[in-house]
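Step one of this worksheet: look at the structure below.
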Amino acid sequence: MSGNSKEKVSLNLHDLPRDPGLRTLISKLDPNIQDEVWRAYLQMGPFQPQSHDFPTRLLGEKSRRFVRSWFDNYPDWLEYSIVKEATFCLYCYVFREENGSQGAGPCFTGEGFRNWKKKEMLRQHVGGVNSAHNIARRRCESLMNQKAHGVLTLFNYCLAFRGNNESQSSDNRGNFLELLQFLADHNEEIKGVIFNNAPANLQMTSPDIQKQIVSVCSAKTSRAIIKEISDSLFSVMIDESRDISTKEQMAIVLRYVDKRGHMVERFIGIEHVIDTKAISLKASLNTVFARHGLSMSSMRGQGYDGATYYIHCFAHQLQLAIVSVAKKHQEVNDLFSLVAKVINIVAASSKRYEILKEKHAIAVIEALKTGELKSGQGMNQEITLKRFGYTRWSSRYGTLISIITMFSSIIDVLEIIANDASNSEQRFEANSTLKFMQTFDFVFTLYLMKNILGFANELSQALQRKDQYIVNSMKFVSICKLGLQRMREHGWNSLLSQVSSFCEKHFISVPVMENIVQEITNMHHYRIDLFCAILDIQLQELNSRFNEVNTELLLCLDCLCPKDSFAAFNKEKLLRLAQLYPKYFSQVDLMALDTQLDVYIMDMQSSVEFSELNGIGDLAQKMVETNKHKVFSLVYLLVTLALLLPVATATIERVFSTMNYVKNRLRSRMGDEWLIT
């Protein structure tokens, strides 16, 4: 088998080298056999030569060698190469994203890991829930669970099942039939029971059959997820967004701790909802739970009295608090409506968009000549007029930035449309938009919301980081509250200066703040009715979403963190944390937990294997590896409940991004049965 090119080769799975040091990169193999190679290596499992006499190497002042017991610590992925005298990762060999130095970089897939004095690198390679290693692990598990691989491949690559012409004489009958024909050409058993070799009324190729196959694949995948959850506790992340046909769709993700102590987030389905009211979302969620046999009693959320509530992630809560202004303040609502109209008018055709880019390029050149802009590598690159994203509220910040940056060019294009458009309705729309954009009110609200969204966007991005965990999240929320409060108390003069300077540059009239209009001064209107009112709404939303109970919960959670040899441990706060979950901790359990915590902390701080853990996720995995989750069952329950509380919404956002690939402009009439699980 040649590995130096992607030319078609024959494959004998029995000839695959077991030693990881002798293997060829799968990406260099012929694409037609890559799936077989993946499966073959996963079925064989990691290469672990238990009886090998591991050689010693001089590292520093001591001779060290690979320790055989490390295979027991990492039985499902750790491999040893006799040829290279180094260790490798099976999961990362099969599926690994290029994530820079994350997970100890490429040393577990390239030349191998050989620094035997740094055993902690093995744990660091595994990393957190969304590390490169764990992403590869989940992909490997998904690959081994796929039974109808050909059908699932269509979804993985977002390919349409059916073709425009599925007749026998067609050159391309559609992906489903073409894949079926490919299988028949390469497998005599399949060939004997499909197409012309099957009864005319039992060929199993109709559109209805295709939908049933998809439904079966979906059901098997869902059953595997539900089986993995078993009787474990879980939380639910839900969010809604419009699809390409403007239907409101609700995505549902389950978050739970698996039997190995790994935190897992699994997409369970997309459900069409009539509206986005809480009662409608609850009814749809009940339907999904009934369909999959899930119990509400196992779901944990933001209710600490035993009731069931929906989890809203901290990053998502922060974004919702910011966007709520658009719903509660008319001027802000008008701003976003006008900005959407501007984008629709200016970007309505490629011709208009090219004019906008040309105008902006000329404006940049003029600014460089006058010294208003500085030149340099990477500066003044071409920008675009960004649209709002349905699934990402932070996209509004990018849109406002592009409006401010390209303001003069947008005005030029609107003037061209107002004067030259062939349609009178288009001329009127461009004229009315042009007039409102060139007002102090528009510019004032534009800059105010840009500053608010810009501040919140930085915090939201920090909360969405893959390595973020919930104990840190409240710190960011506190920063956001403090920043908005300071903006309210000390930010008025700075904002007014920014707006006035922008208006003067673009010849927009600036009102005299002392003048009286409708019985109040302009200063009162802009500073009190707009500036302070909008910031007050923000602060009220943040305070209501992150109240004293939330704060207390997070302060208690911090005591579980194993960092620095459990330096944050506080028994009283952990007992208080257990009291917030009366459904799982009875009075008898609380008394038992009191004693168990004393034994637990002595054991943890005296155990070398627990001395270098960084997060609660690491703690859960290590407790399962060492069977401490059985010894300290009540403490492990607290750890599990802590891990169920999510921080980021990346999984939900990926669902909506994928939905837009599956149901796109060319397949906008796709029915809900293709999306539902």
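So which of D672, D618 ends up being surrounded by fewer than 16 Cβ atoms within 10 Å (Cβ to Cβ) and at pLDDT below 95?
On the way: D618 fails: surrounded by fewer than 16 Cβ atoms within 10 Å (Cβ to Cβ).
Just a single option satisfies the conditions, and that option is D672.
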Original post:
Could you say whether any residue in segment 544-561 is crowded, with 18+ Cβ neighbours inside 10 Å, aliphatic (A, V, I, L, M) and within 21 Å of D334 (Cα to Cα)?
Top reply: no
Scanning segment 68-87 residue by residue, the ones that are under 17 Å from V126 (Cβ atoms) and not in a strand (DSSP E or B) total 9
Could you please let me know if L482 is part of a helix (DSSP H, G or I), open to solvent by 70 Å² or more (accessible area, probe 1.4 Å) and at pLDDT below 95? yes
Per the list (1) surrounded by 17 or more Cβ atoms within 10 Å (Cβ to Cβ); (2) β-branched (V, I, T); (3) modelled with pLDDT under 85, residue check on T276 breaks on (1)
* Has segment 624-634 got any residue that is assigned to a helix (DSSP H, G or I), modelled with pLDDT under 95, touching a helix residue (DSSP H, G or I) at 6+ places or on another chain (Cβ under 7 Å) and not assigned by the TED database to the domain that holds K259? -> yes
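Just wondering, is there one or more residues in segment 2-20 that are part of a helix (DSSP H, G or I), modelled with pLDDT under 75 and surrounded by fewer than 12 Cβ atoms within 10 Å (Cβ to Cβ)?
Going through segment 2-20, the residues part of a helix (DSSP H, G or I) turn out to be 13-15, 20.
Those left that are additionally modelled with pLDDT under 75: 13-15.
Subset that is surrounded by fewer than 12 Cβ atoms within 10 Å (Cβ to Cβ): 14-15.
The answer is yes, given that some residue of segment 2-20 is part of a helix (DSSP H, G or I), modelled with pLDDT under 75 and surrounded by fewer than 12 Cβ atoms within 10 Å (Cβ to Cβ).
To keep it simple, each residue is scored yes or no on (1) more than 24 Å from V264 (Cβ to Cβ); (2) open to solvent by less than 20 Å² (accessible area, probe 1.4 Å); (3) assigned by the TED database to the domain that holds D558.
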{"residue": "L574", "(1), (2), (3)": "yes, yes, yes"}
{"residue": "P582", "(1), (2), (3)": "yes, no, yes"}
{"residue": "L597", "(1), (2), (3)": "yes, yes, yes"}
{"residue": "Q605", "(1), (2), (3)": "yes, no, yes"}
{"residue": "L638", "(1), (2), (3)": "no, yes, yes"}
Result of the Cβ filter at 6 Å on segment 116-127, keeping first residues that are in the same structural domain as P75 (by the TED database) and partners that are part of a helix (DSSP H, G or I) and crowded, with 16+ Cβ neighbours inside 10 Å, at least 6 apart or interchain, is H125/F108; H125/H133; V126/H133; G127/H133
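How about segment 585-621: which of its residues are within 30 Å of the chain's Cα centre (by Cα) and closer than 15 Å to L638 by Cα?
So the first thing to find is which residues in segment 585-621 are within 30 Å of the chain's Cα centre (by Cα), and the list is 610, 612-621.
G615, I616, G617, D618, L619, A620, Q621, listed by residue number.
Scan segment 251-264 and give yes if some residue there is farther than 17 Å from L643 by Cα and open to solvent by less than 40 Å² (accessible area, probe 1.4 Å), otherwise no. Write out each step before concluding.
Taking segment 251-264 first, the residues farther than 17 Å from L643 by Cα are 251-252.
The next check asks that each one be open to solvent by less than 40 Å² (accessible area, probe 1.4 Å); those that pass are 251-252.
Yes - at least one qualifying residue is present in segment 251-264.
Report whether or not E514 is more than 30 Å from the chain's Cα centre (by Cα) and assigned to a loop (DSSP other than H, G, I, E, B).
Yes, satisfied.
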With criteria (1) farther than 23 Å from P75 by Cβ; (2) free of Cβ contacts under 8 Å to residues at least 40 places away in the same chain, K628 comes up short on (1)
Going through segment 360-380 in order, the residues found to be open to solvent by less than 70 Å² (accessible area, probe 1.4 Å), in contact with a helix residue (DSSP H, G or I) (Cβ under 9 Å, 6 or more places away or on another chain) and at pLDDT 75 or above are H360, A361, A363
Contact list, first residue from segment 191-207 and in the same structural domain as E178 (by the TED database), second anywhere and surrounded by fewer than 10 Cβ atoms within 10 Å (Cβ to Cβ) and outside any loop (DSSP other than H, G, I, E, B), beta-carbon distance below 6 Å, six or more apart or interchain, is none
Filtering segment 41-84 for residues that are aliphatic (A, V, I, L, M), buried (at least 16 other Cβ atoms within 10 Å of the Cβ) and under 38 Å from the mean Cα position of the chain (by Cα) leaves a count of 2
Open item on the list: So for segment 330-347 (the condition being over 17 Å from M437 (Cβ atoms) and at pLDDT 85 or above), does at least one residue qualify?
Closed with: yes
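Report, by residue number, each residue of segment 27-37 that is at pLDDT below 80 and assigned to a helix (DSSP H, G or I).
First, the residues of segment 27-37 that are at pLDDT below 80: 27-36.
Once the filter is applied, which keeps residues that are at pLDDT below 80 and assigned to a helix (DSSP H, G or I), segment 27-37 yields S27, K28, P31, N32, I33, Q34, D35, E36.
The values are calculated or read from the model by the stated rules, or taken from the named source; none is laboratory data. Here the structure is a predicted model, which means the values were calculated and not measured. FYI the Cβ positions are ideal-geometry reconstructions off the backbone, even for glycines, and counts take in every protein chain you see. The protein model used for the area step is the full one, side chains on, heavy atoms only, and it has no ligands, DNA or RNA in it. Shrake-Rupley method; radii C 1.70, N 1.55, O 1.52, S 1.80 Å.
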